[in-house]
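The values are calculated or read from the model by the stated rules, or taken from the named source; none is laboratory data. Nothing here was measured: the structure is a model prediction, and the numbers come from that model. We place every Cβ from the backbone using ideal geometry, glycine too, and count neighbours over all the protein chains shown. Just the protein is used for accessible areas: all its heavy atoms, side chains included, with ligands, DNA and RNA removed. Shrake-Rupley method; radii C 1.70, N 1.55, O 1.52, S 1.80 Å.
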Amino acid sequence: GAVVSQHPSWVICKSGTSVKIECRSLDFQATTMFWYRQFPKQSLMLMATSNEGSKATYEQGVEKDKFLINHASLTLSTLTVTSAHPEDSSFYICSAWGPPLPENIQYFGAGTRLSVL
Amino acid sequence: SQQGEEDPQALSIQEGENATMNCSYKTSINNLQWYRQNSGRGLVHLILIRSNEREKHSGRLRVTLDTSKKSSSLLITASRAADTASYFCATGDNFNKFYFGSGTKLNVKP
């Protein structure tokens, strides 16, 4: 149980275009979803926390208008990288949690590798 | 930054040997967790230890926590080639937000 699906797994786009990444909880209702960014050979940096039905809370230094997060349902959150540029190229990972899953454990998607040309 | 540091950054051992990874963090925590990441993939939860616990076991994994030193260690006993991955510690706050350490890349040679 507690499966999180992330799509697409890999996307290549041209500079200036927008890219949408989906994160779905397949067998539980995710009241909270988290979005992380990971640079090569580095750790995960928390970008934002989203609770279903409310606005996402962004970490310091993360541009809200650049990384649009929508958590409109209990099973789906989306991250849209707007007007992507090469420096946005990275590995993006989502995680999710919802009751009655054990607290303090997040369930991760497989990640999305974004390459901006 | 609340992120922690892990050492070593990379560890290469022979199959059957034990692997020890350390994690240090900066702030007070509610719990500390260890995750595993295979190359280019998501993370898999391994074990959670709460701030009032000192040691925890799960199969071949042993985790210790020293809150006075703000440090934790993960021991993998009798390692296997399939244990090759990156290992991250993550500290959780009261809002269930995680802050990940820098990770240890473990290579277990068959």
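Around B:Thr64, under 12 Å between beta carbons, what's the net of Lys plus Arg minus Asp minus Glu among the other residues? Mind dumping the intermediate values first?
On the way: positive: B:Arg54, B:Lys56, B:Arg62, B:Lys69; negative: B:Glu53, B:Glu55, B:Asp66.
That sum, taken over residues with Cβ under 12 Å, equals +1.
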- Query: What are the trypsin sites (Lys or Arg not before Pro) within the stretch A:1-51 that DSSP puts in a loop, where the Cβ has at most 16 other Cβ atoms within 10 Å?
  - Reply: A:Lys14, A:Lys41
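Can you give the mean number of other chain Cβ atoms that lie within 10 Å of the Cβ atoms in peptide A:106-117?
Values: counts 9, 4, 7, 3, 5, 5, 1, 1, 0, 0, 0, 0.
Across A:106-117, the average partner-chain Cβ count within 10 Å equals 3.
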- Query: How much accessible surface area, in Å² rounded to 10, belongs to the heavy atoms of A:Asp65 with a 1.4 Å probe?
  - Reply: 130 Å²
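Would you work out the charge dipole size for chain B about its Cα centre, treating the Cβ of every Lys and Arg as +1 and the Cβ of every Asp and Glu as -1, and quote it to the nearest 20 debye?
On the way: 14 positive and 10 negative charges, 36 e Å.
Value, rounded to 20: 180 debye.
How big is the A/B interface in buried accessible area, both sides summed, 1.4 Å probe, to the nearest 100 Å²?
Heavy-atom accessible area buried at this interface is about 1600 Å².
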- Message: Checking the cross-link filter: which aspartates and glutamates have an alpha carbon closer than 13 Å to that of A:Lys55, excluding same-chain neighbours under 8 positions apart?
- Response: A:Asp65
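Could you compute how fast chain A diffuses translationally, taking Rh as the Kirkwood radius over C-alpha pairs and applying Stokes-Einstein at 37 °C with viscosity 0.692 mPa s? Give it in µm² per second. Write out the running numbers ahead of the final one.
Values: Rh = 14.1 Å.
Answer from the Stokes-Einstein relation: 233 µm²/s.
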- Item | Spatially close lysines, pair count over chain B: Cα under 28 Å, gap of eight or more or interchain | 15
- Query: So what does the Cα-only Debye profile of the protein assembly as shown read at q = 0.17 Å⁻¹, as log10 I(q)/I(0), no solvent term?
  - Reply: -1.23
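Taking K and R as +1 and D and E as -1, what net charge do the other residues with C-beta under 14 Å from the C-beta of A:Val11 add up to?
On the way: positive: A:Lys14, A:Lys20, A:Arg113; negative: A:Glu22, A:Asp88.
Spelling it out: positives minus negatives among the neighbours equals +1.
Local charge sum around B:Thr84 (other residues, Cβ-Cβ under 12 Å, Lys/Arg +1, Asp/Glu -1)? Working shown, then result.
Numbers: positive: B:Arg36, B:Arg80, B:Lys105, B:Lys109; negative: B:Glu15, B:Asp83.
My count for the surroundings of B:Thr84 gives +2.
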- Task: Would you please state which residues of the stretch A:92-108 a label at B:Asn30 would reach in this model, taking the label point 7 Å out along Cα→Cβ and a backbone N cut-off of under 16 Å?
- Result: A:96-107
- Simple spin-label estimate for A:Thr80/B:Ser12, 7 Å along Cα→Cβ, in nm, reads 4.7 nm
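Report the percentage of all Cα-Cα pairs in chain B whose separation exceeds 18 Å, rounded to a whole percent. Let's see the in-between values first.
Working: 2618 of 5995 pairs.
Above the 18 Å cut-off, chain B has 44 percent of its Cα pairs.
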- Note on the structure: With the 1.4 Å probe rolled over protein heavy atoms, the protein assembly as shown has an accessible area per residue in Å² of 49 Å²
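How long is the gain from A:Ala110 to A:Glu22 if the chain were fully straight, where each residue apart is worth 0.36 nm and the alpha carbon distance is subtracted? Don't skip to the end; give the middle numbers.
Details: separation 88, 0.36 × 88 = 31.68 nm, distance 1.14 nm.
That works out to 30.5 nm of additional length.
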